[in-house]
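Shown next, in structure tokens, is the structure this report addresses.
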2 protein chains.
Amino acid sequence: MRPFLLALLAKEPAHGYELKQALEQIFGSAYPSPNIGQIYVTLGRLEKDGLVRAVDVEQPNRPNKKVYHLTAAGREALDAWADEPTEGPRVRDEFFMKLVLAPMTGISDRMTLINRQRRHYLALMRDLNELAGRTDPADRVALLLIEGAMLHLQADLDWLDRCQEDLS
Amino acid sequence: MRPFLLALLAKEPAHGYELKQALEQIFGSAYPSPNIGQIYVTLGRLEKDGLVRAVDVEQPNRPNKKVYHLTAAGREALDAWADEPTEGPRVRDEFFMKLVLAPMTGISDRMTLINRQRRHYLALMRDLNELAGRTDPADRVALLLIEGAMLHLQADLDWLDRCQEDLS
DNA sequence: AGCGCTGTGCATAACATGAATGCAGCTACC
DNA sequence: GGTAGCTGCATTCATGTTATGCACAGCGCT
């Protein structure tokens with residue numbers, strides 16, 4: 001969350017409400033835009049850490065707004081973020097927890113869990129396909145996000161098969 | 001985190017320290033075991049919500065311990081968790097954020113980011129292979145976790161190729 | 001004397017959601 | 001023409017979850 005705001009502010013100074021709109025516009029419908037409240041909280045923290053600074057702007061016939069701009073330290077933090085590679089996928093997986101823990105307590109057996117989960121993944125896959133279908137083909141960013149989600153989902157489905165083989 | 005503790009307590013009552021050890025033992029080295037402090041915080045909340053209840057147990061030559069056991073409400077919550085399917089992979093992806101936001105600010109270009117990220121993923125893949133190699137073959141749970149991580153990683157690598165095609 | 005294990009608790013912070021607040025402009029309706 | 005209610009702009013606050021790290025305390029071992 002923090003780096004996203006820094007990146008947007010690097011392009012041009014903005015206030016909270018504007019940032020929310022920018023995020024919604026850049027990442028289309030495929031992306032659940034973060035809560036507006038969280039944006040303000042994060043901006044406050046960034047200011048506390050000296051990465052951004054706020055200027056109050058009075059507006060006629062509008063509530064005042066606080067326009068944030070990047071400081072030198074903020075610019076540095078942003079560069080550092082861009083430089084370091086992003087961490088890979090977590091090994092932690094909630095469904096797998098369920099798969100291991102549930103039978104220990106006699107809740108339900110593994111086959112039931114796996115089959116239900118597979119149906120769920122397949123339904124999600126259908127949703128993604130449908131979402132891709134009604135997305136503006138010019139919006140390459142949204143389409144790539146959807147494609148990424150589908151690749152991950154397929155990996156999960158393959159993994160489900162492996163679990164079924166190994167744990168049966 | 002909450003459901004994991006509930007599941008373990010469904011098998012048998014236990015105190016915080018024991019739960020930490022159980023988690024470490026069940027999910028082998030492949031799984032970053034959660035912080036012990038967090039376990040106590042979560043147990044406190046579960047108790048506040050009436051899902052578990054604690055009994056103080058005095059021990060000779062040992063600090064006292066609080067043994068938690070499941071309540072009827074806790075059992076219900078656990079069953080509900082087992083019944084609902086687990087959510088799929090998030091569309092939210094940090095690297096993708098970087099890929100979209102970075103060029104807007106003149107930080108660095110996309111090819112550099114993608115190539116660096118690919119090197120990083122490949123290194124992670126090597127690490128996972130190495131980890132799989134030194135994992136006890138009898139520990140099927142750990143091996144499956146590692147395999148799942150590798151499948152996800154491969155999906156990320158494929159996705160990187162797609163991004164490179166589309167955004168160049 | 002110091003290290004490591006057992007066992008718990010608290011401080012801090014990030015992250016997320018939801019609701020509340022205030023003001024302005026527009027529309028609908030009697 | 002007045003007013004009631006909705007929408008858009010802009011921010012703040014209360015609450016809850018997750019995660020890390022440090023502090024504390026007693027005991028056994030070397």
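Tabulated values for the structure
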quantity	calculated
Pairwise FRET efficiency - residue A:47 versus residue B:56, Cβ, R0 = 30 Å, nearest 0.05	0.05
17 Å reach of a label modelled at residue A:164, 7 Å along Cα-to-Cβ, counting backbone N of the stretch A:122-142	A:122-126
Cut-off under 5 Å, modelled amide H: who pairs with residue A:14 long-range	A:68
Teacher prompt: residue B:57 distances to equivalent labels in other copies, 7 Å Cα→Cβ, nm	6.3
R0 of 56 Å, Cβ-Cβ distance residue B:17-residue A:17: FRET efficiency to nearest 0.05	0.70
Degrees between helix A:36-48 axis and first principal axis of chain A (Cα, 0 to 90, nearest 10)	60 degrees
Percent of Cα-Cα distances greater than 17 Å, calculated over the stretch B:2-83	46 percent
Length added when fully stretched, residue B:136-residue B:73, from 0.36 nm per residue minus Cα-Cα	18.9 nm
Karplus-derived HN-Hα couplings along the stretch B:5-21 (A = 6.51, B = -1.76, C = 1.60, θ = phi - 60°), whole Hz, x at Gly and Pro	5, 4, 4, 5, 6, 5, 5, 6, x, 7, 9, x, 4, 5, 4, 4, 5
Axis proximity, chain B to A: residue whose C-beta lies nearest, plus whole-Å distance	B:155, 2
Within the stretch A:132-166, backbone nitrogen closer than 20 Å to the virtual label 7 Å beyond the Cα of residue A:109 toward Cβ	A:160-166
Relative intensity, log₁₀ I(q)/I(0), of the stretch B:94-167 from a Debye sum that treats every alpha carbon as a point, q = 0.15 Å⁻¹	-0.59
Expected 222 nm ellipticity per residue - DSSP helices of 4 or more, -39500 (n - 2.57), all of chain A, to 500	-21500 deg cm²/dmol
Placed amide H near residue B:52: partners under 5 Å, 5+ positions off or other chain	B:47, B:71
Alpha-carbon Rg with Dmax, taken over the stretch A:41-168, Å	23.0, 69
Teacher prompt: residue A:123 distances to equivalent labels in other copies, 7 Å Cα→Cβ, nm	4.1
Distance violations [Cα-Cα > 29 Å] among A:66/B:98; A:98/B:48; A:20/B:48; A:48/B:98; A:20/B:20; A:48/B:66	A:20/B:48; A:20/B:20; A:48/B:66
Excluding exposed DSSP-loop trypsin sites (Lys or Arg not before Pro) (at most 12 other C-beta within 10 Å), longest clean stretch of chain A	A:1-89
Karplus 3J(HN,Hα) series, Hz, for the stretch B:128-137 with 6.51 cos²θ - 1.76 cosθ + 1.60 (x for Gly, Pro)	5, 4, 5, 4, 4, x, 9, 8, 4, x
Neighbouring partner chain Cβ atoms per residue of B:115-128, average, 10 Å criterion	2
Shortest-first distances to equivalent copies, position residue A:83, nm, label 7 Å out along Cβ	5.3
Long-range amide H partners of residue B:28 with built H, under 5 Å	B:142
Vicinal HN-Hα couplings computed from phi for the stretch A:107-112 (Karplus, 6.51 cos²θ - 1.76 cosθ + 1.60; Hz; Gly/Pro x)	6, 6, 8, 5, 4, 4
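None of the figures in this text is laboratory data; all of them are computed from the coordinates on show. Predicted model, so just to flag it, every value in this text is computed and none were measured. All Cβ positions, even for glycine, are placed from backbone atoms using ideal geometry, and neighbour counts span all protein chains on display.
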